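Since the structure comes first, as C-alpha cells, the remarks are kept for the end.
The values are calculated or read from the model by the stated rules, or taken from the named source; none is laboratory data. Please read these numbers as outputs of a predicted model, since none were measured by experiment. Note that we place each Cβ from the backbone using ideal geometry, even for glycine, and neighbour counts take in every protein chain shown. These accessible areas exclude ligands, DNA and RNA; they are computed on the full protein's heavy atoms, side chains included. Shrake-Rupley method; radii C 1.70, N 1.55, O 1.52, S 1.80 Å.
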Amino acid sequence: MKIFSIGIIVCAISGVGATTGLIMASPAHSATATATKIEPAKIIPLRDFFKNPQESAHKISPDGKYLSYLAPHERRMNVFVKSIGGKDPAIRVTGETARDIAGYSWKGNRILYVKDFGGDENFHVVSVNLKGDDLKDLTPGEKVRASVVDGLIDNDQYVILSHNRRDAKVFDVFRTHVITGEEKLIAQNPGNITSWLTDHDGKLRVAGTSDGVNTTLLFREKEEDEFKPILTTNFKEAVNPLLFTFDNKKLYVASNRGRDKSGIFVFNPTTAKEEKLIFDRPDVDVDELDFSHKRKVLTLASFVTWKGERKFLDKETESMFKLVQAKLPGYEVAFTSSNKAEDKFIVASYSDKTRGKRYVFDQATGKLEFIADISPWIPESELADMKPIKYTSRDGLTINGYLTLPKGVAARNLPVVINPHGGPWARDRWDYNSEVQFLANRGYAVLQMNFRGSTGYGRKFWESSFKQWGKTMQDDITDGVQWLIKEGIADPKKIAIYGGSYGGYATLAGLTFTPDLYAAGVSYVGPSSLFTLMESLPPYWESYRAMFYEMAGNPTTEADLVRAASPLYSVDQIKAPLFIAQGAKDPRVKQAESDQMVAALKKRGVNVEYMVKENEGHGFRNEENKFDFYEAMEKFLGRYLKP
C-alpha cells in the first residue's frame with residue numbers, strides 16, 4: 001500500500017537520499033568551540049565526490065533468494081541481480097544508456113523501474129524480467145507522467161498505476177498487468193483529485209481533492225462505491241492519510257488540525273475526527289509511519305530534530321535495530337528493504353562523512369553480512385564534520401542549520417559558501433552531502449540554514465514564510481551570514497552564495513537585495529521572476545495554483561509584491577559575479593528563467609557565466625554533466641574567493 005501525491009513547485013532538487021538513524025551526537029552549539037588539533041584534509045579529486053556510486057539502492061527479492069542493486073553500465077545506473085550467497089556473477093537486467101534509472105522495485109520475479117526523458121520528469125513505469133528481455137513500458141505515450149499507487153505486494157501479476165495520458169492536468173488510476181501492460185480503469189479523475197490511497201487489500205478507497213486553497217478528503221467503504229467527501233480543511237491544516245488500520249476500517253493520519261505540530265493519529269472516517277494519538281513531539285512535526293505487512297503491526301514513527309530519529313512502536317523492530325546498531329557503532333543505521341517473509345533485510349550504515357556500506361541482516365541468526373561499499377574511493381577520515389547550529393533572526397525566530405568547517409583548519413576568517421536549500425517548503429538535515437563535503441575539502445566553510453518556511457518545525461514557522469520571498473525568508477539567510485561574521489568564522493570579503501531551485505532563487509535574491517554582502521553567487525536551476533515562474537507551471541500542478549498564489553503572491557492582484565520579490569526587476573543592483581546553470585528540459589523552472597536573467601546582466605555588462613545542458617532537467621543527473629558543472633563552479637568560486 002502506497003499513497004500517491006502529485007508534486008508541486010515546493011519540491012527541491014534531489015540530493016543525497018536522506019534516511020533516519022540512531023546514533024547520538026552533540027546538540028547544537030556555538031561553532032567557535034575549539035576542537036582537537038588535527039591535520040588539514042588531503043585534497044580529494046573532484047570527480048570522486050560526484051561520480052556514480054559503485055553500487056546503490058540494494059533490495060531483496062520477495063522470496064529472499066536474490067539481491068538487486070543499481071550500478072553503472074555505460075555511465076548510467078542500471079539494475080543488476082545476483083543470488084544471495086551464490087558465487088555466480090551478477091546479471092544486468094536493464095540497459096538504459098541515455099539517463100540513470102530514477103528508481104526501481106521488485107514485482108514477483110520481475111523488476112519495475114522508472115525512467116524519464118532528458119530530465120522532463122514525464123516518468124514512465126517499465127516492467128522487465130530478470131533476463132532483461134521481455135521489456136514492457138506500462139505507461140506509454142508522449143508527455144505521459146506516471147507513478148505507482150500500490151505495488152500490490154501480494155499479487156505478482158498486477159500493479160496499481162496512476163497516469164495523465166487522458167488529460168495532462170489530472171491522473172487516473174488503473175490496475176495494470178505487469179507483463180502484457182493491459183490496464184483496467186479503477187477511478188477516473190473528475191479534475192480535482194490530487195492523491196489516492198489503497199487499503200491493505202489493494203482496494204482504492206481514499207482520495208484527496210484540492211481547489212488550491214481547500215483540500216477535501218474522500219472516502220468509500222468499497223472500491224465499487226462512489227467516493228464521498230468526509231472532511232474539508234484549508235490547505236494550512238493537513239490531515240494526511242498514511243495507511244489504513246489493519247482491519248481496513250479506519251486510517252492512520254498525520255494531522256496538524258487544531259495544533260501547531262503534526263502528530264500521528266487514528267482517524268475515524270465515519271466521524272471525520274482524529275481519535276487515538278499514536279505519537280507526537282512538542283518541538284517538531286511527526287508525519288512518517290512504518291509498519292509490518294506480514295505481522296500487521298505498526299513498527300515505528302520517524303521525525304527529524306537536528307537529525308533523523310525514531311519512536312519504536314514494536315518491540316521486535318526495536319530489538320532488531322538495537323542488535324544491528326551494536327554491530328555498527330559510530331554510524332547511523334536504516335533498514336531499507338526486506339523479503340516478503342520479513343526475516344532478511346538490507347541494512348544501510350552511513351554518517352555525515354560517508355555514504356556508507358550495505359549489509360544483509362538475517363533475523364533468525366542475527367548475522368550481518370557485508371555486501372557493498374557505496375563509494376569506497378571517498379576517504380572518510382579526510383571529510384569534515386557537519387555540526388548542528390542555531391542562531392536568532394532579526395525578528396526573534398530561532399533558525400536551525402548546519403555548519404561544516406574545513407577539516408584541520410582554524411575556524412577564523414574563512415572563505416564561506418552560504419548554501420540555502422531548495423523547496424522552499426522543504427528542509428536541510430544532517431546527512432552525507434557530496435556538495436558540502438566537496439566545498440569543505442576545498443577550504444570553504446559551508447552554512448546551511450532552515451530559514452522560515454522550512455518544513456518540520458510546525459505550522460506557525462511554515463506559515464511565517466507566506467508571501468515572504470525576497471523578504472523575511474531572505475533576511476533569515478542574511479542573518480546567518482551576519483552570525484558567521486560576528487562569530488569571527490567568516491571573512492566578510494570572501495562569502496559566496498550557492499543554491500539550487502529555490503536556493504538558486506535565494507542566490508539571485510541575495511546578490512540583488514544585499515549586493516554588498518556576497519563576493520560571488522552560483523544559481524542552479526533558480527527562478528528569476530515569480531511572474532514567469534507561475535505562468536509556466538506544469539499542467540499537472542494546475543490544481544495547486546491558488547495555493548501557490550497564497551503562499552508566494554498573486555501575480556494579478558498583488559503584482560507589486562510579486563515584482564518586488566523577483567530579482568529580474570532589480571538586476572541593476574547586482575555587483576558580484578554570477579554563475580548560472582540550467583537544464584534545457586526543466587519542467588519546473590523553465591530555461592527562460594535563466595535566459596532572461598543572463599540577458600539582463602549582459603546588457604548591463606555584469607560578469608555572468610552560463611551553462612545549459614540540453615539533456616537535463618531540474619538539476620543535472622548524468623555523470624558527465626555533473627562533472628562539468630562542479631568543475632566550472634570550483635574554478636568560479638576559486639577565482640573570486642581565493643580559498
Taking the conditions exactly as written (free of Cβ contacts under 8 Å to residues at least 24 places away in the same chain and in a strand (DSSP E or B)), does L185 satisfy them or not? yes
Go through the residues of segment 271-293 one by one and say whether even a single one is more than 24 Å from the chain's Cα centre (by Cα), exposed (fewer than 15 other Cβ atoms within 10 Å of the Cβ) and in contact (Cβ under 8 Å) with a residue 60 or more places away in the chain. yes
Identity of the residue in segment 163-195, in contact with a Lys or Arg (Cβ under 9 Å, 6 or more places away or on another chain) and of a type in the set (S, T, N, Q), that ends up most open to solvent (accessible area, probe 1.4 Å): Q188
Any chance you could count how many residues in segment 571-592 are among the polar types (S, T, N, Q) and open to solvent by 20 Å² or more (accessible area, probe 1.4 Å)? 2
Identify, please: which residue in segment 198-218 is open to solvent by less than 40 Å² (accessible area, probe 1.4 Å) and of a type in the set (D, E, K, R) and is, among those, nearest to F466 (Cα to Cα)? R205
Cβ pairs under 7 Å, 6+ apart, first in segment 256-268 and over 9 Å from G458 (Cβ atoms), second outside any strand (DSSP E or B) and open to solvent by less than 20 Å² (accessible area, probe 1.4 Å): V266/T245
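Filtering segment 369-403 down to residues that are hydroxyl-bearing (S, T, Y) and within 25 Å of the chain's Cα centre (by Cα), which residue is nearest to I84 (Cα to Cα)?
Restricting to residues being hydroxyl-bearing (S, T, Y) and within 25 Å of the chain's Cα centre (by Cα), the top hit is S375.
Here are some residues: S381, S464. Which one is polar (S, T, N, Q), open to solvent by 10 Å² or more (accessible area, probe 1.4 Å) and farther than 22 Å from T507 by Cα?
S381
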Of the residues in segment 593-609, how many are surrounded by fewer than 18 Cβ atoms within 10 Å (Cβ to Cβ) and either free of Cβ contacts under 8 Å to residues at least 60 places away in the same chain or of a type in the set (G, A, S) (or both)? 9
Selected residue (criterion: surrounded by the fewest Cβ atoms within 10 Å (Cβ to Cβ)) from residues of segment 300-333 that are touching a helix residue (DSSP H, G or I) at 6+ places or on another chain (Cβ under 9 Å) and hydrophobic (A, V, I, L, M, F, W, C): F312
Looking at segment 396-420, which of its residues are open to solvent by less than 30 Å² (accessible area, probe 1.4 Å), among the hydrophobic types (A, V, I, L, M, F, W, C) and either assigned to a loop (DSSP other than H, G, I, E, B) or modelled with pLDDT under 95 (or both)? A411
Quick check on T365: is it over 24 Å from G308 (Cα atoms) and either open to solvent by less than 40 Å² (accessible area, probe 1.4 Å) or of a type in the set (S, T, Y) (or both)? yes
Would you confirm whether any residue within segment 200-223 is touching a residue at least 60 places away in the same chain (Cβ under 8 Å) and closer than 15 Å to L152 by Cα? yes
Any residue in segment 500-517 that is in contact with a Leu (Cβ under 6 Å, 6 or more places away or on another chain), part of a loop (DSSP other than H, G, I, E, B) and buried (at least 22 other Cβ atoms within 10 Å of the Cβ)? no
Please verify whether G480 is touching a Ser or Thr at 6+ places or on another chain (Cβ under 7 Å) and open to solvent by less than 10 Å² (accessible area, probe 1.4 Å), treating the condition exactly as stated. no
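Suppose the filter is in a loop (DSSP other than H, G, I, E, B), within 24 Å of S262 (Cβ to Cβ), touching a residue at least 40 places away in the same chain (Cβ under 8 Å) and among the charged types (D, E, K, R); does K460 pass it? Walk me through it before giving the result.
On the way: in a loop (DSSP other than H, G, I, E, B): no; within 24 Å of S262 (Cβ to Cβ): yes; touching a residue at least 40 places away in the same chain (Cβ under 8 Å): yes; among the charged types (D, E, K, R): yes.
Judged against the criteria, K460 is not a match.
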The number of residues in segment 463-478 that are touching a Phe, Trp or Tyr at 6+ places or on another chain (Cβ under 8 Å), touching a residue at least 60 places away in the same chain (Cβ under 8 Å) and part of a helix (DSSP H, G or I) is 1
If you take just the strands (runs of 3 or more DSSP E) that sit entirely in segment 55-152, which of them hold at least 3 residues that are more than 19 Å from E182 (Cβ to Cβ)? 56-60, 66-73, 76-83, 103-107, 110-115
